[in-house]
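The values are calculated or read from the model by the stated rules, or taken from the named source; none is laboratory data. All values derive from a computational prediction rather than experimental measurement. Please note: Cβ atoms are built from the backbone with ideal geometry, for glycine as well, and neighbour counts cover all protein chains shown.
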Amino acid sequence: YTTNINLQMNYWPALPLNMREMALPLMEQIRHMAVNGVHTAKNYYGMDGWAAHHNSDIWAQTNPVGEGTGDPKWANWAMGSPWLSQHLFEYYEYTLDRDFLETVAYPIMKGAAEFCLDWLVEKDGYLVTAPSTSPENSYYDKKGKNVVITIASAMDMEIIYDLFTNVIKASEILGVNMEYRAMLLDKRSRLSPLKIGKKGNLVEWYEDFEDVEPQHRHVSHLFGLHPGRQLSPLIDPVFGDACRKTLEMRGDGGTGWSKAWKINFWARLLDGDHAYLMYQELLKGSTLNNLFDTHPPFQIDGNFGAIAGVGEFFLQSHLGELHLLPALPKAWSEGQVSGLKARGAFEVNLSWKAGRLAKGLLTSEKGQLCRLRSTTALSVKGAKAIEKVETLQGVTYYTYRFPTKAGKIYTLKGR
């Protein structure tokens with residue numbers, strides 16, 4: 001199982017596309033890896049917490065791979081535990097299973113954070129990872145040498161930011177470890193900041209170096225856009241534009257799974273037409289007649305990553321609100337979808353005409369406060385919703401906020 005994107009991609013659709021039980025094998029794999037990873041962190045690095053690297057297997061291997069001859073740009077990547085920990089917190093966010101958070105997710109996430117705290121070192125007032133890589137890419141240094149090792153790669157910083165954020169939130173939910181939480185807040189604020197390069201792109205390395213392969217299949221430095229939530233045009237349009245420029249520079253080619261990731265990236269940038277273009281590219285150029293995705297050869301992660309991306313056309317909930325039809329392609333101006341899941345334990349059915357939301361049904365499983373975002377003005381039947389209107393980057397959004405009751409269905413209608 002390759003853990004620098006591929007294993008994780010296989011499970012991206014499980015929760016949002018209403019296949020919760022399919023996420024459980026990954027939860028079990030992570031539990032086993034967290035046990036072995038304690039020995040890896042201690043024996044290889046003399047560090048606390050647990051570590052995982054580029055590959056695992058049915059025995060939950062966590063040590064560096066390559067038998068001593070592997071290229072460090074993949075063999076020595078050490079950010080497996082914080083990335084895998086994201087799936088634990090996502091499972092909680094979709095299910096609100098507090099017992100899972102308390103007994104399974106939080107201890108394992110905290111262990112990954114302890115490893116990252118030991119891995120980070122201070123440079124020029126910031127916390128950086130050293131050594132650091134950006135799977136599985138390389139760059140030309142100032143002397144023109146092909147180099148794979150850096151410090152504080154964008155991906156490292158984004159993954160650790162994501163982990164610290166999730167551990168902080170879990171601590172708040174459980175009401176535990178206040179001092180530890182305060183320490184993580186401080187450490188997170190001191191992480192080496194992301195940078196925008198001379199071409200307007202998000203800088204992948206510690207400095208704005210040129211890539212050896214500008215259209216490399218990995219786009220690791222956009223982890224904070226997807227599957228993370230640090231970057232978004234709704235949060236910071238400047239960095240949103242930098243993500244867009246990065247994707248333009250990487251191009252629309254690549255392996256099947258690479259195209260699948262790009263579907264998700266473009267959807268998170270709220271560009272449904274380019275996300276749809278990537279979906280077409282994957283189907284036309286990276287899918288066999290039996291619908292298997294090609295690397296080549298066959299890699300199932302491209303199939304699963306693609307359908308997760310299509311789900312992002314219709315519903316996104318990573319920013320604390322249910323964004324309805326956030327990246328709807330013009331080619332799909334009329335349609336319907338049912339059974340989508342959102343963070344906060346909501347289930348959503350939607351139908352639309354002429355590119356506008358016509359009707360929706362929202363089921364609240366746990367009675368949480370609901371926040372909606374839509375480009376269509378809505379009426380909410382069954383609740384008194386507070387409506388606000390805002391314009392971001394020339395787009396008018398209608399936002400709604402209302403309390404819900406567990407098990408109740410709320411009807412949304414476009415106005």
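Confirm whether Leu234 is touching a strand residue (DSSP E or B) at 6+ places or on another chain (Cβ under 9 Å), of a type outside the set (S, T, N, Q), outside any helix (DSSP H, G or I) and more than 30 Å from Gly144 (Cβ to Cβ).
Here the answer is yes, as Leu234 does meet what is asked.
The condition of being in contact with a Phe, Trp or Tyr (Cβ under 8 Å, 6 or more places away or on another chain), crowded, with 19+ Cβ neighbours inside 10 Å and closer than 24 Å to Leu283 by Cα holds for only one of Leu184, Leu194, Leu225, Leu231, that being Leu225. Taking the condition assigned to a loop (DSSP other than H, G, I, E, B), out of contact with any Gly (no Cβ under 7 Å at 6 or more places or on another chain) and either modelled with pLDDT under 95 or not basic (Lys, Arg) (or both), does Gly311 pass? Taking the combined requirement at face value, the residue does not satisfy it. Within segment 311-364, the set of residues being among the aromatic types (Phe, Trp, Tyr) and touching a strand residue (DSSP E or B) at 6+ places or on another chain (Cβ under 7 Å) comprises Phe314, Phe346, Trp352. Take Arg244 and decide whether it is among the basic types (Lys, Arg), in contact (Cβ under 8 Å) with a residue 24 or more places away in the chain and assigned to a loop (DSSP other than H, G, I, E, B). So Arg244 does not fit the description; no. Restricting Ile160, Ile151 to those that are in contact with a Phe, Trp or Tyr (Cβ under 6 Å, 6 or more places away or on another chain) and of a type in the set (A, V, I, L, M, F, W, C) reduces the list to Ile151. Quick one: is Gly80 free of Cβ contacts under 8 Å to residues at least 12 places away in the same chain and assigned by TED's automatic domain parsing to the domain that holds Arg181? No. Checking each residue in segment 1-37 for being at pLDDT 95 or above, of a type in the set (Phe, Trp, Tyr) and farther than 21 Å from Ser317 by Cα picks out no residue at all. The residues listed here are Thr363, Thr399; of these, the one that is in contact (Cβ under 8 Å) with a residue 60 or more places away in the chain and of a type in the set (Ser, Thr, Tyr) is Thr399. Of the residues examined, Glu122 is not one that is at pLDDT 95 or above, acidic (Asp, Glu), assigned by TED's automatic domain parsing to the domain that holds Thr165 and in contact with an Asp or Glu (Cβ under 9 Å, 6 or more places away or on another chain). Step by step: first the residues of segment 235-282, then only those that are of a type in the set (Val, Ile, Thr) and under 21 Å from Asp301 (Cβ atoms), then the one that is surrounded by the fewest Cβ atoms within 10 Å (Cβ to Cβ). Which residue is that? Within segment 235-282, the match that is surrounded by the fewest Cβ atoms within 10 Å (Cβ to Cβ) is Thr255. When Lys199, Lys169, Lys187 are checked against the criterion of being among the charged types (D, E, K, R), touching a helix residue (DSSP H, G or I) at 6+ places or on another chain (Cβ under 7 Å) and part of a helix (DSSP H, G or I), a single residue qualifies: Lys187.
Of all helices (runs of 4 or more DSSP H) completely enclosed by segment 17-122, which ones contain at least 1 residues that are of a type in the set (Asp, Glu) and crowded, with 18+ Cβ neighbours inside 10 Å?
The helices (runs of 4 or more DSSP H) meeting that bar are 80-95, 106-119.
Does Gly285 satisfy the condition of being surrounded by fewer than 24 Cβ atoms within 10 Å (Cβ to Cβ) and within 30 Å of Glu387 (Cβ to Cβ)? Judged against the criteria, Gly285 is not a match. Note on segment 364-410: residues that are of a type outside the set (D, E, K, R), in a strand (DSSP E or B) and within 25 Å of Asp97 (Cα to Cα) amount to 6. Within the set Val348, Val380, the sole residue that is buried (at least 21 other Cβ atoms within 10 Å of the Cβ), aliphatic (A, V, I, L, M) and not assigned by TED's automatic domain parsing to the domain that holds Trp266 turns out to be Val348. Once segment 210-222 is narrowed to residues that are outside any strand (DSSP E or B) and over 15 Å from the mean Cα position of the chain (by Cα), the residue that is farthest from Glu281 (Cα to Cα) is Val212.
For Glu179, the stated conditions hold: it is in a helix (DSSP H, G or I), among the charged types (D, E, K, R) and surrounded by fewer than 18 Cβ atoms within 10 Å (Cβ to Cβ).
Please determine whether any residue of segment 166-180 is over 30 Å from Phe100 (Cα atoms), among the aliphatic types (A, V, I, L, M) and in contact (Cβ under 8 Å) with a residue 24 or more places away in the chain. Can you show your working first?
Of segment 166-180, the ones over 30 Å from Phe100 (Cα atoms) are none.
No, segment 166-180 has no match at all.
For residues that are touching a residue at least 12 places away in the same chain (Cβ under 8 Å) and among the aliphatic types (A, V, I, L, M), scanning just segment 45-71, find the one that is nearest to Leu120 (Cα to Cα). Within segment 45-71, the match that is nearest to Leu120 (Cα to Cα) is Met47.
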